[in-house]
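Each value in this text was obtained by applying a stated rule to the coordinates, not by laboratory testing. This is a predicted model, so every value here is computed, not measured. Cβ placement follows ideal geometry from the backbone for every residue including glycine, while neighbour counts extend to all protein chains displayed.
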Amino acid sequence: MKPESSAPAATHSSDGPHFRFHRPHLHLASAFGQDWFALKAEAFARFFGTPAFLVGQTAIVVVWIALNVAGVVSFDAYPFILLNLAFSLQAAYAAPLILLAQTRQADRDKAHADADALHREDLARANEERQALAAQQTAMLVDLLQQNTRLTSVTKDLAERVESLTAELHARLMKGPGPASS
């Protein structure tokens with residue numbers, strides 16, 4: 001059985017910018033570490049809550065009791081002290097493994113929630129920067145449009161003045177030369 005915790009480590013090792021907040025928490029990828037024993041221990045702890053485990057354990061207990069009550073074997077006669085010892089041993093190992101897995105999973109969930117919150121904050125900050133830049137560029141465009149309007153007005157006034165001077169000059173030239181001075 002492959003542990004579920006190895007998948008997030010592979011997912012978060014991506015170099016995508018949206019995973020940069022998860023990188024500091026990659027050491028939490030496995031509840032018991034990354035060595036062979038750690039991976040098997042976490043897989044075993046996760047297996048305790050599966051239907052396959054419950055059905056398998058129930059079948060073993062039913063066969064155990066049936067064989068001993070029917071007299072096929074007699075290594076654990078009623079009150080099934082060896083079976084109780086086996087359950088006690090199982091509980092002694094299962095409880096700490098399950099609690100440790102739950103605690104470490106909660107740590108991983110909190111770390112990922114914190115990383116996701118940082119990512120959302122970074123997105124909000126980037127969005128605010130884009131909005132501020134858009135507002136700044138809009139203000140610059142409005143200013144340039146006003147400058148263009150003023151320049152167009154000045155150009156119109158100058159063109160009218162040149163036209164008026166040209167008409168005046170043309171009128172003087174058409175009159176001919178004025179009286180000659182002696």
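A few comments on the model shown:
- Alpha-carbon centroids, region 157-174 and region 118-135: separation in whole Å: 57
- Peptides 46-59, 126-139 ordered by packing proxy, namely the average of other Cβ atoms within 10 Å per residue, highest first: 46-59, 126-139.
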